[in-house]
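Encoded as C-alpha coordinates, the structure appears first; notes follow it.
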(Lines give C-alpha, C1' and ligand atoms only; values in the text may rest on other atoms or scores of the structure.)
Protein backbone atom coordinates (compact mmCIF):
# COMPACT_ATOMS: atom_id res chain seq x y z
CA UNK A 1 0.00 0.00 0.00
CA UNK A 2 1.33 3.46 -0.89
CA UNK A 3 1.84 6.48 1.33
CA UNK A 4 -1.34 7.82 2.88
CA UNK A 5 -1.83 11.54 3.47
CA UNK A 6 0.25 14.39 2.27
CA UNK A 7 4.02 13.93 1.96
CA UNK A 8 6.33 15.21 4.69
CA UNK A 9 7.73 18.65 4.13
CA UNK A 10 11.49 18.72 3.68
CA UNK A 11 14.22 21.32 3.51
CA UNK A 12 13.72 21.29 -0.27
CA UNK A 13 10.93 23.81 0.33
CA UNK A 14 13.55 26.37 1.42
CA UNK A 15 15.62 28.50 -0.95
CA UNK A 16 19.25 27.51 -1.52
CA UNK A 17 20.60 30.29 0.72
CA UNK A 18 18.33 29.57 3.71
CA UNK A 19 21.19 28.48 5.92
CA UNK A 20 23.24 31.64 5.25
CA UNK A 21 20.24 33.88 5.94
CA UNK A 22 19.38 32.13 9.21
CA UNK A 23 22.98 32.02 10.47
CA UNK A 24 23.39 35.73 9.68
CA UNK A 25 20.26 36.51 11.67
CA UNK A 26 21.64 34.69 14.70
CA UNK A 27 25.04 36.36 14.29
CA UNK A 28 23.19 39.66 14.81
CA UNK A 29 21.64 38.35 18.06
CA UNK A 30 18.49 36.97 16.45
CA UNK A 31 16.10 34.55 18.14
CA UNK A 32 14.35 31.32 17.17
CA UNK A 33 11.11 33.29 16.74
CA UNK A 34 12.79 35.61 14.25
CA UNK A 35 14.20 32.59 12.42
CA UNK A 36 10.72 31.06 12.25
CA UNK A 37 9.34 34.32 10.83
CA UNK A 38 12.03 34.41 8.13
CA UNK A 39 11.37 30.78 7.22
CA UNK A 40 7.64 31.53 7.05
CA UNK A 41 8.38 34.39 4.64
CA UNK A 42 10.63 32.13 2.53
CA UNK A 43 8.05 29.34 2.34
CA UNK A 44 4.83 31.32 2.53
CA UNK A 45 3.86 29.33 5.63
CA UNK A 46 5.51 27.66 8.61
CA UNK A 47 4.43 26.08 11.89
CA UNK A 48 5.94 25.35 15.27
CA UNK A 49 5.18 21.67 14.69
CA UNK A 50 7.23 21.65 11.48
CA UNK A 51 10.07 23.46 13.30
CA UNK A 52 10.07 20.76 15.99
CA UNK A 53 9.97 17.95 13.42
CA UNK A 54 12.82 19.43 11.41
CA UNK A 55 14.85 19.85 14.60
CA UNK A 56 14.43 16.09 15.19
CA UNK A 57 14.48 14.71 11.66
CA UNK A 58 16.66 17.08 9.62
CA UNK A 59 20.27 17.08 10.89
CA UNK A 60 21.30 19.94 8.60
CA UNK A 61 18.48 22.12 9.92
CA UNK A 62 19.08 21.15 13.54
CA UNK A 63 22.80 21.88 13.32
CA UNK A 64 22.21 25.24 11.64
CA UNK A 65 19.80 26.29 14.39
CA UNK A 66 22.07 25.05 17.20
CA UNK A 67 25.07 26.83 15.68
CA UNK A 68 22.94 29.92 15.22
CA UNK A 69 21.92 29.90 18.88
CA UNK A 70 25.59 29.78 19.84
CA UNK A 71 26.29 32.80 17.63
CA UNK A 72 23.31 34.68 19.10
CA UNK A 73 24.37 34.05 22.68
CA UNK A 74 27.92 35.13 21.83
CA UNK A 75 26.58 38.33 20.24
CA UNK A 76 24.51 39.16 23.33
CA UNK A 77 27.37 38.35 25.71
CA UNK A 78 29.69 40.58 23.68
CA UNK A 79 27.17 43.43 23.79
CA UNK A 80 26.95 43.16 27.57
CA UNK A 81 30.69 42.91 28.10
CA UNK A 82 31.46 45.87 25.86
CA UNK A 83 28.70 48.05 27.34
CA UNK A 84 29.29 47.62 31.07
CA UNK A 85 31.02 51.00 31.44
CA UNK A 86 28.45 52.84 29.34
CA UNK A 87 26.27 54.85 31.77
CA UNK A 88 23.25 54.66 29.45
CA UNK A 89 23.49 50.87 29.12
CA UNK A 90 20.58 49.06 30.75
CA UNK A 91 22.37 46.29 32.56
CA UNK A 92 19.10 45.12 34.12
CA UNK A 93 17.40 44.90 30.74
CA UNK A 94 20.37 43.05 29.27
CA UNK A 95 20.48 40.67 32.23
CA UNK A 96 16.75 39.95 32.02
CA UNK A 97 17.15 39.27 28.30
CA UNK A 98 19.93 36.78 29.05
CA UNK A 99 17.80 35.07 31.70
CA UNK A 100 14.77 34.80 29.43
CA UNK A 101 16.56 34.00 26.20
CA UNK A 102 19.38 31.74 27.37
CA UNK A 103 18.09 30.28 30.62
CA UNK A 104 20.39 32.23 32.92
CA UNK A 105 19.28 32.25 36.55
CA UNK A 106 20.37 33.70 39.82
CA UNK A 107 22.49 31.34 41.85
CA UNK A 108 20.96 30.50 45.19
CA UNK A 109 22.35 28.33 47.91
CA UNK A 110 21.03 27.15 51.22
CA UNK A 111 23.28 26.67 54.18
CA UNK A 112 22.01 24.71 57.15
CA UNK A 113 23.33 25.62 60.56
CA UNK A 114 22.35 23.86 63.73
CA UNK A 115 21.91 20.32 64.89
CA UNK A 116 20.08 17.68 62.91
CA UNK A 117 18.24 15.20 65.07
CA UNK A 118 16.46 12.08 64.07
CA UNK A 119 13.76 10.12 65.81
CA UNK A 120 13.18 6.44 65.30
CA UNK A 121 9.61 5.22 65.41
CA UNK A 122 9.02 1.50 65.78
CA UNK A 123 5.68 0.12 64.73
CA UNK A 124 4.63 -3.26 66.10
CA UNK A 125 1.76 -4.86 64.31
CA UNK A 126 -0.63 -6.74 66.58
CA UNK A 127 -3.38 -9.10 65.71
CA UNK A 128 -6.03 -7.12 67.52
CA UNK A 129 -6.84 -10.04 69.83
CA UNK A 130 -4.47 -8.97 72.61
CA UNK A 131 -6.07 -7.81 75.84
CA UNK A 132 -6.00 -4.10 76.54
CA UNK A 133 -3.59 -3.30 79.32
CA UNK A 134 -4.69 -0.61 81.70
CA UNK A 135 -2.02 1.62 83.19
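If I filter the range 62-69 for residues that are more than 19 Å from the chain's Cα centre (by Cα), modelled with pLDDT of 95 or more, part of a helix (DSSP H, G or I) and under 29 Å from residue 79 (Cα atoms), do I get at least one hit? Walk me through how you get there before you give the answer.
At the first step, the residues of the range 62-69 found to be more than 19 Å from the chain's Cα centre (by Cα) are none.
So far as the range 62-69 goes, no, none of its residues is more than 19 Å from the chain's Cα centre (by Cα), modelled with pLDDT of 95 or more, part of a helix (DSSP H, G or I) and under 29 Å from residue 79 (Cα atoms).
Any residue at all in the range 89-101 that is over 18 Å from the mean Cα position of the chain (by Cα), part of a loop (DSSP other than H, G, I, E, B) and within 22 Å of residue 28 (Cα to Cα)?
yes
Could you grab me the full set of residues in the range 5-20 that are within 21 Å of residue 56 (Cβ to Cβ) and in a loop (DSSP other than H, G, I, E, B)?
Of everything in the range 5-20, those that are within 21 Å of residue 56 (Cβ to Cβ) and in a loop (DSSP other than H, G, I, E, B) turn out to be 5, 6, 7, 8, 9, 10, 14.
Return a yes/no flag: does the range 98-106 have any residue that is within 27 Å of residue 19 (Cβ to Cβ), modelled with pLDDT of 80 or more and in contact with a helix residue (DSSP H, G or I) (Cβ under 6 Å, 6 or more places away or on another chain).
Yes, some residue in the range 98-106 is within 27 Å of residue 19 (Cβ to Cβ), modelled with pLDDT of 80 or more and in contact with a helix residue (DSSP H, G or I) (Cβ under 6 Å, 6 or more places away or on another chain).
Yes or no, residue by residue, for (1) in contact (Cβ under 8 Å) with a residue 24 or more places away in the chain; (2) over 21 Å from residue 104 (Cβ atoms); (3) surrounded by 14 or more Cβ atoms within 10 Å (Cβ to Cβ):
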{"position": "10", "(1), (2), (3)": "yes, yes, no"}
{"position": "20", "(1), (2), (3)": "no, yes, no"}
{"position": "31", "(1), (2), (3)": "yes, no, yes"}
{"position": "36", "(1), (2), (3)": "no, yes, yes"}
{"position": "43", "(1), (2), (3)": "yes, yes, yes"}
{"position": "50", "(1), (2), (3)": "yes, yes, yes"}
{"position": "60", "(1), (2), (3)": "yes, yes, no"}
{"position": "78", "(1), (2), (3)": "no, no, no"}
{"position": "94", "(1), (2), (3)": "no, no, yes"}
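How many residues does the range 39-48 contain that are assigned to a helix (DSSP H, G or I) and farther than 24 Å from residue 102 by Cβ?
Qualifying residue count, the range 39-48: 3.
The values are calculated or read from the model by the stated rules, or taken from the named source; none is laboratory data. For clarity, every value in this text was computed on a predicted model and none was experimentally measured. Every residue, glycine among them, receives a Cβ derived from its backbone with ideal geometry; neighbour counts consider all protein chains shown.
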